[in-house]
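First the structure, in the form of structure tokens, and then the observations on it.
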Amino acid sequence: GFSRPKHKRTFTGFGPSEIKNVEASIPEPLREAWRKYSAREFTTKEEFEAAYSGTALAFRDRLIIEWNRTQQRQTFTDQKRVYYLSLEFLMGRALDNAMLNVGMKDAAREGLKDLGFRIEDVISQEHDAALGNGGLGRLAACFLDSLATLNYPAWGYGLRYRYGIFKQEIVNGYQMEVPDYWLDNNPWEFPRHEITVDIQFYGHVKKHQDENGKLVHSWEGGDVVQAVAYDVPIPGYGTKTTNNLRLWSSKASSGEFDFQKFNAGDYESAVADQQNAETISAVLYPNDNLERGKELRLKQQYFWCAASLFDIVRRFKKTKRAWSEFPDQVAIQLNDTHPTLAIVELQRILIDIEGLEWDEAWNIVTKTFGYTNHTVLPEALEKWSVPLVQNLLPRHLQIIYDINLFFLQSVEKQFPNDREILARVSIIEESHPKMVRMAYLAIIGSHKVNGVAELHSDLLKTTLFKDFVDIYGPDRFTNVTNGVTPRRWLHQANPALSSLIAQKLGGHEFLTDLTLLDKLEVFVDDKEFRRQWAEIKSHNKLRLAKLIKETTGYTVNPESLFDVQVKRIHEYKRQQLNIFGVIHRYLKIKGMSAEERKKVVPRVSIFGGKAAPGYWMAKTIIHLINNVASVVNNDSDVGDLLKVIFIEDYNVSKAEIICPASDISEHISTAGTEGSGTSNMKFVMNGGLIIGTCDGANIEITREIGDQNIFLFGNLAEDVEDLRHRHFYGDFQLDPGLAKVFKAIKDNMFGDAADFSALTASIEEHGDYYLVSDDFHSYVTTHEMVDEAFVNKEEWLAKSITSVARMGFFSTDRVINEYADSIWNVEPLAVKD
Ligand code: OX2
């Protein structure tokens with residue numbers, strides 16, 4: 001085993017001293033061979049880091065040039081720009097993306113090879129930029145890629161967190177959180193110390209009359225924190241357009257106050273102020289689909305909205321246009337309600353600072369904003385307590401009250417005989433304490449509101465926002481079904497498949513017009529094509545098997561059916577349903593005769609995902625998965641028939657390895673709970689099939705690819721409410737299959753049953769809110785159909801190829817064009833050299 005091919009080096013974390021240690025254990029006759037081998041095959045961590053830095057800086061230089069040109073061109077033509085405000089941008093790695101978008105990955109590969117490096121090893125040196133939790137943040141990142149690729153003049157605005165989403169470690173089956181400090185020598189950001197904005201907090205409002213006798217409000221006193229811009233270039237694919245992502249970092253304002261403190265010898269308190277200021281952009285809140293109303297989070301939101309709005313207004317004012325033209329120059333999209341304060345801030349700037357009349361200002365505001373809702377889950381809907389807002393942003397609270405007053409007056413006029421509607425639609429919830437309902441404020445302050453998949457947008461109109469449809473009419477509400485960028489999720493993640501498709505279609509044009517994939521369908525019966533297709537899947541499964549080996553120590557057989565569920569851990573996403581299904585399968589195998597076992601389709605159940613640190617039930621689910629894994633994987637009786645894997649620290653770069661390697665992936669949320677889902681699209685685009693519920697974008701995926709190519713199961717969204725109601729009134733029977741699973745858990749088969757009692761009780765005793773028991777039988781039998789289908793290799797391949805051919809709809813290029821046409825009214829800026 002000492003003759004590995006020259007360029008097949010994989011970095012294993014070995015340094016010179018480790019090599020020496022290994023050397024001592026090599027038998028004498030082989031020592032010489034080992035020395036030669038290690039000298040050639042191992043490179044120190046420093047050398048890999050240097051190779052990464054060198055490559056990254058070379059590409060960065062190219063990007064800077066196009067980035068400057070793009071900005072100059074956009075300023076010169078002075079057409080309408082889009083601003084995408086998102087608290088999360090889950091970017092992942094940048095180098096591979098830059099190489100592919102610039103079209104020079106092959107050149108880089110050759111260059112690195114000459115230096116003795118494999119490009120994959122160099123790429124994998126990069127730390128993920130993980131400024132997001134899950135789908136919402138990754139969607140923002142895919143949008144930036146499509147905006148640049150389609151040449152839209154667009155900026156992203158976000159926060160430059162010092163710590164991104166935590167790193168997950170699994171210790172004795174439990175999730176542990178480790179801080180993700182990612183900023184050290186990050187070549188992809190450019191500090192712009194000259195671009196700063198002072199942001200005010202607290203203080204009070206003074207009313208007075210100006211020289212014309214007009215009543216004006218001024219916000220005075222309080223604290224000031226400085227926002228500093230950090231810019232990240234966003235290259236488009238196959239275009240010179242390189243857009244900007246501006247991330248704000250907080251620091252103590254360099255105003256005289258601090259100097260006074262320093263000079264007065266109050267060093268400690270000056271340092272404390274500084275730390276306080278820096279805290280604002282220090283950490284990403286690690287909750288997905290959950291809002292917890294923490295003051296620091298509200299500070300983050302205002303800090304980022306105010307800095308971004310100041311920047312946008314400053315840019316607009318340079319054009320010297322009339323304020324009425326603001327909405328013709330600026331479209332601002334709110335990624336969920338997190339940036340809703342931007343609505344209030346723009347109104348404040350226009351009336352308090354620029355001196356516009358309320359109505360004129362409000363007309364500009366509503367024409368400027370669009371609001372995207374991503375969820376109907378009640379625990380994710382943002383509400384801020386009135387006393388909190390009053391204290392932190394006194395002037396904004398006044399403006400919110402005025403917005404609400406004018407809104408309710410108009411509703412009252414429209415529905416003079418309906419007293420109840422006023423309480424229902426009021427921005428202020430009359431609770432104790434009173435709460436500001438951010439979604440309502442976002443609707444009232446925007447000209448368009450959209451959901452992210454058809455079912456989701458329909459649910460918004462018929463349930464959550466029904467009253468607003470009655471008030472504004474149906475046209476304010478629309479649907480824009482999510483997508484993913486095929487550059488990262490097909491071309492970069494699965495280069496072999498991308499190149500096979502390109503061979504068949506005569507080029508890579510499908511990467512910028514994904515509907516061209518439909519031309520693949522004529523090859524579905526082509527034997528050789530099928531063989532190549534299958535070979536690529538095997539190769540990708542091998543790549544994942546290696547990752548699994550390296551990270552968990554478990555060996556999995558790549559011939560097995562790879563069954564994957566990777567996403568944030570959440571009860572509504574139902575990883576508990578999956579692991580109960582795995583236990584059910586395990587028990588079944590244990591009860592089989594040797595003859596029966598021969599018919600079992602070997603399977604690897606792969607899980608991955610983070611739980612919010614305070615979400616105990618989600619952490620319990622992770623614990624159960626890991627305990628089941630250690631029982632099942634060490635049961636020699638079962639062997640390859642079943643393996644259970646939990647991949648630690650699921651992130652974007654791991655997703656790029658996992659998505660291309662699945663045979664089937666699980667998108668099994670309780671019907672009506674998942675806004676859209678986007679990994680479902682990534683898996684199908686890479687030739688994996690889906691087991692899923694009729695939820696989110698699964699429904700549209702089914703419509704596109706055909707129901708013979710997807711495994712759907714479970715209750716429908718329209719039946720969920722009734723089932724919950726019945727459970728609530730005691731009408732509940734635990735599914736018999738699930739009862740067996742619970743018995744095994746209670747018999748301590750997977751460790752101390754007490755550890756999992758809350759999980760089983762949530763189903764058996766507390767109403768089974770997520771309908772795990774109701775869907776269990778359907779889930780298990782559908783998995784049996786998956787097994788049967790997988791054995792028929794040819795049929796399976798036909799499903800896989802047909803599905804990929806029909807996925808053209810799910811590119812974020814289509815999504816962005818829809819936003820541009822129906823919400824933003826912006827045009828691409830043609831690129832000239
Ligand atoms: C997620 C939704 O849960 C998911 O269904 C959707 O695909 C994604 O957003 C992108 O639209 N936080 N994360 C989401 O919603 C919220 C709130």
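Key figures
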{"item": "Mean shadow area of the chain, taken as a quarter of the surface of its Cα convex hull (nm²)", "result": "40.5"}
{"item": "Net charge, T673 excluded, C-beta distance under 10 Å - Lys, Arg +1, Asp, Glu -1", "result": "-1"}
{"item": "Label-point separation in nm, K413 to H204, each point 7 Å along Cα→Cβ", "result": "3.6"}
{"item": "Relative packing of 226-235, 750-759, which averages over residues the other C-beta atoms within 10 Å, highest first", "result": "226-235, 750-759"}
{"item": "Cβ-Cβ FRET estimate between A753 and Q708, R0 fixed at 51 Å, reported to 0.05", "result": "0.75"}
{"item": "Net +/- balance of residues flanking G134 in space, Cβ distance below 10 Å, scoring K and R +1, D and E -1", "result": "+3"}
{"item": "GluC sites (Glu not before Pro) within region 550-633, DSSP loop, no more than 16 other Cβ atoms inside 10 Å", "result": "E559"}
{"item": "Distance in nm between pseudo-label sites at E420 and T463 (7 Å out along the Cβ direction from Cα)", "result": "1.9"}
{"item": "N172-E194 pseudo-label distance in nm [points 7 Å out on the Cα-to-Cβ vector]", "result": "5.7"}
{"item": "Gained length - K318 relative to E827, 0.36 nm times residue gap less alpha-carbon distance", "result": "181.1 nm"}
{"item": "Calculated FRET value between Q275 and K599, using beta carbons and R₀ = 56 Å, to 0.05", "result": "0.30"}
{"item": "Above-threshold pairs, the threshold being 32 Å between Cα atoms, out of K504/K598; K45/K619; K619/K740; K546/K743", "result": "K504/K598; K45/K619; K546/K743"}
{"item": "Proximal charge balance of D336 [Cβ under 12 Å; K/R count +1, D/E count -1]", "result": "-4"}
{"item": "Region 460-535: equivalent-ellipsoid semi-axes (sqrt of 5 x gyration tensor eigenvalues, Cα, Å)", "result": "41, 13, 11"}
{"item": "Linear extension gain, Y401 paired with A502, 0.36 nm per residue minus alpha-carbon span", "result": "30.6 nm"}
{"item": "Packing-based order for 266-276, 195-205, 451-461, 580-590, using average beta carbon neighbours within 10 Å, highest first", "result": "451-461, 580-590, 195-205, 266-276"}
{"item": "Loop trypsin sites (Lys or Arg not before Pro), region 788-833, which have at most 14 other Cβ atoms in a 10 Å radius of their Cβ (DSSP)", "result": "K832"}
{"item": "FRET efficiency estimate (nearest 0.05) - Cβ-Cβ, S53 to W358, R0 56 angstrom", "result": "0.55"}
{"item": "CD proxy at 222 nm, helix term only [per DSSP H run n ≥ 4: -39500 (n - 2.57); per residue of the chain; nearest 500]", "result": "-14500 deg cm²/dmol"}
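Where a number appears in this text, it was derived from the coordinates with a stated rule and is not lab data. Keep in mind it's a predicted model, so treat the numbers as computed, not measured. Counting neighbours? That spans all protein chains shown, and the Cβs are built from the backbone with ideal geometry, glycine included.
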